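All remarks here apply to the structure that follows.
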Amino acid sequence: MSDVILSVRNLTANVDGNPILKGVNLEIKAGEVHAIMGRNGSGKSTFSKVISGHPDYEVTGGEIIYQGENLLEKEPDERAKKGIFLAFQYPLEIPGVSNLDFLRVAYNARRKYLGLEELDTFDFEEIVEEKLDIVQMNPSFLGRSLNEGFSGGEKKRNEILQMALLEPTLGILDEIDSGLDIDALKIVANGVNQLATPDNAFLVITHYQRLLNYITPDFVHVMYDGRIVISGGKELAHELENKGYDFLDEQALAEV
């Protein structure tokens, strides 16, 4: 079996009729951590949502192959059950739905898809309490409504808790560092590092190099105007921190 988890070829996509992705190419193998950096509006978050199947994003060309299958033929829920997880930049608050119930339903949906027996509330509570240590979360958060009244850091920790329970093959972190202080950032990054295995992969989307001080990428890609224009190792993130993104404008002008 191929160790390629995700293969994206010449992907183009529109939002409200406007072209945002203009030919993205990317390959991610098992055991790898890839980071995508770039300015606001460069297409980073659009790319993450297209992979997860968000209905507001229209794919107009290219392909996404996930573990040998055409992902574009799959509905969002099927993509999730197959092991794709998207940690949101702004997790939704859902009043009236307890965090514990939400986590249990998601966990059991994945188990059912994999042909495993669903767990009752008591058995599930034992599992989720073991995972709480990964993100240093107080058990009291399980009884609260999903993300309601959570701080930014608590919401992001809750996203990593979901990922720890679902054990995805491909974890996509869309600006998970947004709005985090340094302590929360370390906790979230440490959670991701604990979940990385030789059999899964992560795609980390961020503006800033600081997240990559704690989650070390194997590859860094720079997105500009809907395309990945530069790829390199982790040192590329430090270069971007020093130079900023203005040099990309100069490079684009030189190519015209």
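Laid out as a table, the results:
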{"item": "Residue in region 49-59 that is under 15 Å from N25 (Cα atoms), outside any loop (DSSP other than H, G, I, E, B) and over 15 Å from the mean Cα position of the chain (by Cα) present", "result": "yes"}
{"item": "Tally, over region 186-209, of residues that are assigned to a strand (DSSP E or B) and either more than 12 Å from E167 (Cα to Cα) or without any contact (Cβ under 8 Å) to a residue 24 or more places away in the chain (or both)", "result": "4"}
{"item": "When residues of region 180-215 are limited to those that are farther than 16 Å from E159 by Cα and touching a His at 6+ places or on another chain (Cβ under 8 Å), the one surrounded by the most Cβ atoms within 10 Å (Cβ to Cβ)", "result": "A201"}
{"item": "Filtered residue count, region 197-256, keeping only those that are charged (D, E, K, R) and within 21 Å of A87 (Cα to Cα)", "result": "3"}
{"item": "Which numbered condition F150 fails, given (1) surrounded by fewer than 18 Cβ atoms within 10 Å (Cβ to Cβ); (2) within 21 Å of L86 (Cα to Cα)", "result": "(1)"}
{"item": "Filtered residue count, region 210-247, keeping only those that are assigned to a helix (DSSP H, G or I), of a type outside the set (A, V, I, L, M, F, W, C) and under 19 Å from I187 (Cβ atoms)", "result": "2"}
{"item": "The listed residue being surrounded by 14 or more Cβ atoms within 10 Å (Cβ to Cβ), assigned to a helix (DSSP H, G or I) and modelled with pLDDT under 90, out of R157, R110", "result": "R157"}
{"item": "Selection within region 62-112 - among the polar types (S, T, N, Q), in contact with a Phe, Trp or Tyr (Cβ under 9 Å, 6 or more places away or on another chain) and within 14 Å of I160 (Cα to Cα)", "result": "N99"}
{"item": "Checking L240 against (1) out of contact with any Gly (no Cβ under 7 Å at 6 or more places or on another chain); (2) over 12 Å from A35 (Cβ atoms), the condition it does not meet", "result": "(2)"}
{"item": "So E126, is it in contact (Cβ under 8 Å) with a residue 12 or more places away in the chain, charged (D, E, K, R) and surrounded by fewer than 16 Cβ atoms within 10 Å (Cβ to Cβ)", "result": "no"}
{"item": "Residue ID - surrounded by the fewest Cβ atoms within 10 Å (Cβ to Cβ), chosen from residues in region 84-105 that are in a strand (DSSP E or B) and not polar (S, T, N, Q)", "result": "G96"}
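The values are calculated or read from the model by the stated rules, or taken from the named source; none is laboratory data. Computed from a predicted model, the values in this text were never measured in an experiment. Quick reminder, even Gly has a Cβ in these numbers, built from the backbone with ideal geometry, and neighbours come from all protein chains shown.
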